[in-house]
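Structure first, commentary second.
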Amino acid sequence: MINIISKSYLRNIQSGPKKVVDNLIKGLSHIGYPYVTNRRLDACTRLWVHDDVAALKLVPSLPPEIKVVVGPNLVVMPRNLPKGLDLSRCVYIHPSNWAIKLWETHGFTNCPMYRWPAGIDTEGFHPGKKNKQYVLVYFKQRYEHELHTIVELLKEKKIDYKLIVYGAYGEKQYKEFLDGATYVIWLGRHDTQGIALQEALATNTPMLIWDVQKLGEWNASEKEMSIFTEEEKAFEPATSAEYFDETCGIKIKNKGELKNAVGYMEQNWQRFSPRKYVLENLSLEKQARDFVEIYNKYFGLSFEQGLREVILRPGNWINRGFGPRAKFFLKDLTRSAIRAYRRMI
């Protein structure tokens, strides 16, 4: 049994962190593995602190029998962790190898790090039935001139397209657009996993990825951009698509490659099989089993033991209280209104 400590679990609006916790829960349910959410921190032998820094701060004071996995949605960089916090009893998970390398580069040695991407809901995202009529352009916090280059090229080639802008669409619209797309041109910033990208691949829609060359190659608000130092922005192993191979589509790094890449995709989009890649590498069931295996690898707690475990101590973590739920409800209500407004303009 795993005790899942997550604030994102309480949210109503979909986001990357919410997909991480929701999809793990779906996967655990599929494989019949027991879990509870936001119970007291010492409620179960296995604890996962997903995104709650307040809970993270209390980890050193927990009884020794509580084995702890933390991350990935806690902080952006090691310097953002609470000062002097002892994480030696934990395993810190990251969705990708490049994120682990970034933390290693900037001095994180507090505990082992392990690569674990969230599973993808391949039942919710499946191949559509519509006739394929257009290219879908996905624009996520890159530069307007790059988007302009793509749009002008599609117009020049007389290729119909639809545009999805990060933060200004709903999941229903995304699925509808994917249903009619021959392929996706993905113009996105760095992503440690890229769940929305993988959801598109799960619909068997191949991609042309105009990839980043470094972590700092993105265009967001001043507040968002300030989370990285200039040194961190220069980090080069970063990518928009960590989980991607030749069966999913093609990647380019430069504007000069775009014209030939679009021509290739126009002729060959039906030859790719991206859904097969997702089913083999990122299914809900596989990633749930991989998550449970972390407790065996680092703490010697087997899968079978976990099936028999029960709650050790009754009680709840603060996230189950009325206050946090009301706070997140109001935040989500505001965000929904903003997204609705963006879709209208």
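The values are calculated or read from the model by the stated rules, or taken from the named source; none is laboratory data. Being a predicted model, the structure only gives us computed values, none of them experimental. Glycine also receives a Cβ, built like all others from the backbone with ideal geometry; neighbour counts cover every protein chain displayed.
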Quiz item: So which residues in region 88-112 are under 21 Å from the mean Cα position of the chain (by Cα), more than 21 Å from L58 (Cβ to Cβ) and not basic (K, R)?
Solution: H94, P95, S96, N97, W98, A99, I100, L102, W103, E104
Self-check item: Inter-residue pairs, beta-carbon under 7 Å, first at pLDDT 95 or above and in region 265-294, second part of a helix (DSSP H, G or I) and of a type in the set (K, R), 6+ apart
Solution: L284/K26
Quiz item: Out of (1) over 24 Å from S226 (Cα atoms); (2) crowded, with 19+ Cβ neighbours inside 10 Å, the odd one out for P34 is which?
Solution: (2)
Practice problem: Using the structure shown, decide if I250 is outside any helix (DSSP H, G or I) and either at pLDDT 95 or above or crowded, with 16+ Cβ neighbours inside 10 Å (or both). | Solution: yes
Quiz prompt | Set E156, E171, E152: member being farther than 18 Å from V262 by Cβ and surrounded by fewer than 16 Cβ atoms within 10 Å (Cβ to Cβ) | solution = E171
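Select from region 201-228 the residues that are of a type in the set (G, A, S) and under 23 Å from N254 (Cα atoms) and write down the one among them that is modelled with the highest pLDDT. Break it down stepwise before answering.
To start, the set of residues in region 201-228 that are of a type in the set (G, A, S) comprises 202, 216, 220-221, 226.
So of that shortlist, the ones also under 23 Å from N254 (Cα atoms) come out as 216, 220.
Numbers: G216: 95, A220: 90.
Here the residue is G216.
Among the candidates N38, N3, N12, single out the residue that is at pLDDT below 95 and not acidic (D, E).
Values: N38 fails: at pLDDT below 95; N3 fails: at pLDDT below 95.
Unique residue meeting the criteria: N12.
Somewhere in region 108-126, is a residue in a helix (DSSP H, G or I) and without any contact (Cβ under 8 Å) to a residue 24 or more places away in the chain?
Initial filter on region 108-126 (in a helix (DSSP H, G or I)): none.
Scanning region 108-126, I find no residue that is in a helix (DSSP H, G or I) and without any contact (Cβ under 8 Å) to a residue 24 or more places away in the chain, so the answer is no.
Criterion first (closer than 20 Å to T149 by Cβ, touching a Gly at 6+ places or on another chain (Cβ under 9 Å), touching a residue at least 12 places away in the same chain (Cβ under 8 Å) and of a type outside the set (K, R)) does I195 satisfy it? It would help to see each step written out before you state the result.
Details: closer than 20 Å to T149 by Cβ: no; touching a Gly at 6+ places or on another chain (Cβ under 9 Å): yes; touching a residue at least 12 places away in the same chain (Cβ under 8 Å): yes; of a type outside the set (K, R): yes.
No; evaluated as a whole, the condition is false for this residue.
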Quiz item: Which of the residues that make up region 218-246 are of a type in the set (D, E) and crowded, with 19+ Cβ neighbours inside 10 Å?
Solution: E242
Quiz item: strands (runs of 3 or more DSSP E) wholly in region 31-81 with at least 2 residues that are under 21 Å from the mean Cα position of the chain (by Cα) and either hydrophobic (A, V, I, L, M, F, W, C) or over 25 Å from R289 (Cβ atoms) (or both) - which ones?
Solution: 46-49, 67-70
